[in-house]
Amino acid sequence: MAQHIDPSADGVDFEDVPELSDGDDDDDLAWDDEDDGGAGAEVRCLFCDRTDSSPEDVFKHCKSQHDFDIHQVISRHGLDFYGYIKLINYIRSTGCTPGALTGVTGPVPWDKEEFYKPVIQDDGLLQYDFNDMEYDDNSSDTNMDAEPSVHEQLKQAESRAREAEATLANALQELSRMRQLAQDFVMNADVRCGSSSAGAVAELDESEDGAYFGSYGHFGIHEEMLKDTVRTESYRDFMYQNPDVFKDKVVLDVGCGTGILSMFAAKAGAKKVYGVDQSEIIYQAMDIIRLNKLEDRISLIKGRIEEIDLPEEKVDVIISEWMGYFLLFESMLDSVIYAKDKYLRAGGAVYPDRCNISIVALCDPEKHTGKLKFWDDVYGFNMSCMKKAVLPEAIVEVVNPDTIISEPFIIKDITCQTTALKDVDFCTEFSLTITRDGACTAVAGYFDMFFEKDCHTPVSFSTGPTCTKTHWKQTVFLLEKPVAVRADKTLDGRITVRKNRKDPRSLIITLSLSGVTQTYMLQ
C-alpha cells in the first residue's frame with residue numbers, strides 16, 4: 001500500500017502544489033473518502049430506516065408507504081443526472097418529509113452545490129442510473145388542463161423528431177441515388193478511357209452519426225494517421241510479412257478511411273476486399289483505389305457496418321484500425337464486434353487479434369502545479385473555481401518517460417476474436433510497484449497491439465511513453481493531491497472504465513487511489 005512520507009526528503013518541493021478547496025476536505029465535491037471496509041449491499045429508504053436489496057425496491061417502498069413518487073418528481077422538475085444526485089442528498093441531509101417535496105414549485109431547494117456530497121458512503125441510490133427507470137403513466141398528474149409534464153413534453157418532442165428523421169431519410173435516399181448515378185458516370189468514363197474494371201463501389205448508404213463521422217471526413221486527421229509510422233507500418237508489415245493469412249481470402253476492412261489497409265490486404269494476396277466507412281473520405285478513397293488500379297479487387301461501401309449489407313454472406317478475415325485514445329475512446333471496437341458476429345466465417349480471424357491497456361504512476365510536480373495553480377491568478381483575476389472543472393478532464397499528451405515512477409500494470413486484456421460488447425465496460429483492481437521514491441501526481445494509461453494468430457512473423461506495437469511516439473500519445477489522469485510513495489512498495493487502487501450513456505463514443509473513468517475516488521471524462 002502507498003505510504004505517506006515527507007516528499008521534501010527526496011528533493012521534491014510540494015509547497016506550491018495547489019489545494020482544490022480553501023476549506024476542509026469535507027467541502028470537496030469531486031473526491032470521496034473511502035471506507036476500507038467497503039459498502040454493504042443494502043440500500044436505505046429515503047424517509048425511514050428500512051433497507052432493501054435494490055434502488056428499485058426502495059423507490060417502490062417510498063411510493064407505497066410514504067406516498068413519494070421519485071419518477072413524478074424527476075419528471076415535474078426535469079431533473080438530469082446531477083439534479084437527481086442533489087435531490088437524494090438533500091432528502092438524506094435535511095430529513096424533509098415527502099409532503100414537503102411534492103409541494104415544491106419554482107426554484108428547487110436542493111439545487112445547491114453542497115448537495116453533491118453524499119450523506120451515506122457508497123449510497124446505492126447515487127450509483128443507480130435513473131435513466132433506466134420505467135415511468136408509470138398512471139402516476140402522472142391527472143389534471144387534464146394542467147401543463148404537460150417535462151416527461152410528456154419530451155415524448156412529444158421525440159415524436160416530432162421521428163417525423164423529421166423520416167423526412168430527412170427520404171431526402172438522403174434521393175441524394176444517395178444521385179450520388180450513385182454520378183459515381184457510375186465517373187466509373188464508366190474511366191472504363192471508356194482504358195480503365196481495367198467497372199468500379200470500386202459496391203453500395204452507397206447515407207446515415208449520419210453526428211460529428212464523429214463528420215470529423216473523419218476531413219483529410220487532416222487521415223494525414224496524421226498515415227504519417228504515424230508506428231501505426232501504419234505495423235499494419236503493413238503484418239500483412240506483407242504474413243501473406244498466407246490473406247492469400248485468396250475475402251477480407252473486410254471496417255472503417256477503411258483512405259483505403260490504405262484495404263490496399264495492403266490486396267497487395268498481400270486477398271482475392272477480394274470490402275472497405276466500409278461512413279465518413280465522406282470514402283469518396284477520396286474511391287479515387288485512390290482507381291489511381292492504384294485495384295478496383296477489380298477492392299469494393300468500397302459507404303455506410304455504417306451495422307446498417308449496410310455486404311455482397312457476400314461471410315468473410316475470411318476482418319481488419320480494422322479501430323483504436324482510440326486509451327484504446328476504447330470512440331467505441332469503434334463495437335463495430336468490429338458487430339462485423340465479427342455477423343460476417344466472420346467459422347475459423348476466420350480478426351486483426352489485430354489481441355490488445356491490452358496498461359497504466360503507470362507519474363511524478364511530475366511541475367506539471368501538476370502548472371495545470372492547477374494557473375487558475376489562482378489569470379491576468380489578475382481569481383479563477384480558482386475552475387479547478388473543479390479542470391481536474392475531471394482526462395489529458396491526452398506525450399508523457400515524459402523520466403516522470404514514470406512505477407512498473408506498468410495491465411488493467412485490461414482483449415482478445416478480439418472472442419470479446420463481446422459486455423466486455424468493453426470493466427472494473428479491475430491494480431497494484432503499481434513503485435520504482436523510486438517520490439510522490440504520485442498522476443496516473444497515465446496507454447495500450448499495446450498484437451498481430452499473432454496464424455502469423456509466421458508476429459508484429460506488435462506499443463503506445464507507451466517509453467516507445468516511439470504515436471498520434472494516440474498517452475492519457476493522463478491528474479490526481480488532486482500527490483500521494484507520497486517509496487521504492488519497492490506498491491500503490492494499490494481500482495479503476496472502472498465505461499461508456500458515457502449520453503455520448504457512447506466518450507468514456508467515463510473512475511479511479512480509486514489511496515482512499516479517494518475521482519471520476520474523469522475522456523471526450
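Within region 376-392, none of the residues are of a type outside the set (Asp, Glu), outside the structural domain of Arg297 (by TED's automatic domain parsing) and touching a Cys at 6+ places or on another chain (Cβ under 8 Å). Among the numbered conditions (1) within 21 Å of Lys340 (Cβ to Cβ); (2) at pLDDT 95 or above, the only one that Gly269 does not meet is (1). Hey, does region 139-150 have a residue that's over 20 Å from Phe59 (Cα atoms), at pLDDT 65 or above, outside any helix (DSSP H, G or I) and not assigned by TED's automatic domain parsing to the domain that holds Gln518? No: region 139-150 contains no residue that is over 20 Å from Phe59 (Cα atoms), at pLDDT 65 or above, outside any helix (DSSP H, G or I) and not assigned by TED's automatic domain parsing to the domain that holds Gln518.
The number of residues in region 412-456 that are farther than 28 Å from Ala346 by Cα and polar (S, T, N, Q) comes to 5.
Pairs meeting the criteria (first residue in region 261-287 and under 22 Å from Ile221 (Cα atoms), second residue acidic (Asp, Glu) and outside any helix (DSSP H, G or I), beta carbons under 6 Å, at least 6 apart or on different chains) are Leu261/Asp253; Ser262/Asp253; Gly275/Asp253. Among residues of region 319-331 being more than 15 Å from Gly257 (Cα to Cα) and crowded, with 23+ Cβ neighbours inside 10 Å, the one that is modelled with the lowest pLDDT is Leu328. Tallying residues that are among the polar types (S, T, N, Q) and closer than 30 Å to Met521 by Cα within region 439-460 yields 2. Residue selection: Asp437 satisfies the criterion of being assigned by TED's automatic domain parsing to the domain that holds Pro465, of a type in the set (D, E, K, R) and in contact (Cβ under 8 Å) with a residue 60 or more places away in the chain.
Here Lys453 meets the list (1) at pLDDT 95 or above; (2) within 29 Å of Ile221 (Cα to Cα) almost entirely, failing just condition (2). From the list Tyr212, Tyr240, pick out the single residue that is at pLDDT 50 or above, among the aromatic types (Phe, Trp, Tyr) and either in the same structural domain as Leu300 (by TED's automatic domain parsing) or more than 25 Å from Arg505 (Cα to Cα) (or both). When all the criteria are applied, what remains is Tyr240. Inside region 264-293, residues that are part of a loop (DSSP other than H, G, I, E, B), buried (at least 19 other Cβ atoms within 10 Å of the Cβ) and more than 29 Å from the chain's Cα centre (by Cα) make up a count of 2. Entry remark, region 308-330: residues being under 15 Å from Asp353 (Cβ atoms) and of a type in the set (Gly, Ala, Ser) number 1 in total. Pairs meeting the criteria (first residue in region 79-93 and more than 16 Å from Asp129 (Cβ to Cβ), second residue of a type in the set (Asp, Glu) and crowded, with 18+ Cβ neighbours inside 10 Å, beta carbons under 8 Å, at least 6 apart or on different chains) are Arg92/Asp123.
A single entry from Thr415, Thr435 fulfils the requirement of being under 27 Å from Phe329 (Cβ atoms) and of a type in the set (Ser, Thr, Tyr): Thr415. Checking every residue in region 338-348 against the condition of being in contact with a Pro (Cβ under 9 Å, 6 or more places away or on another chain) and among the hydroxyl-bearing types (Ser, Thr, Tyr) gives zero matches. Of note, Ala444 satisfies the criterion of being within 17 Å of the chain's Cα centre (by Cα), surrounded by 15 or more Cβ atoms within 10 Å (Cβ to Cβ) and in the same structural domain as Thr490 (by TED's automatic domain parsing). The criterion of being closer than 23 Å to Lys267 by Cβ and either part of a loop (DSSP other than H, G, I, E, B) or aromatic (Phe, Trp, Tyr) (or both) does not hold for Glu307.
Flag not set for Thr428, criterion: farther than 20 Å from Met521 by Cβ, within 25 Å of the chain's Cα centre (by Cα) and either surrounded by fewer than 19 Cβ atoms within 10 Å (Cβ to Cβ) or not assigned by TED's automatic domain parsing to the domain that holds Asp448 (or both). Restricting region 240-260 to residues that are in contact (Cβ under 8 Å) with a residue 40 or more places away in the chain and not in a loop (DSSP other than H, G, I, E, B) leaves a set whose member that is nearest to Ser335 (Cα to Cα) is Val254. Restricting Asp316, Asp341 to residues that are in a strand (DSSP E or B), more than 28 Å from Leu511 (Cα to Cα) and modelled with pLDDT of 95 or more narrows the list to Asp316.
The values are calculated or read from the model by the stated rules, or taken from the named source; none is laboratory data. Keep in mind it's a predicted model, so treat the numbers as computed, not measured. All Cβ positions, glycine included, derive from the backbone under ideal geometry; neighbour counts span all protein chains shown.
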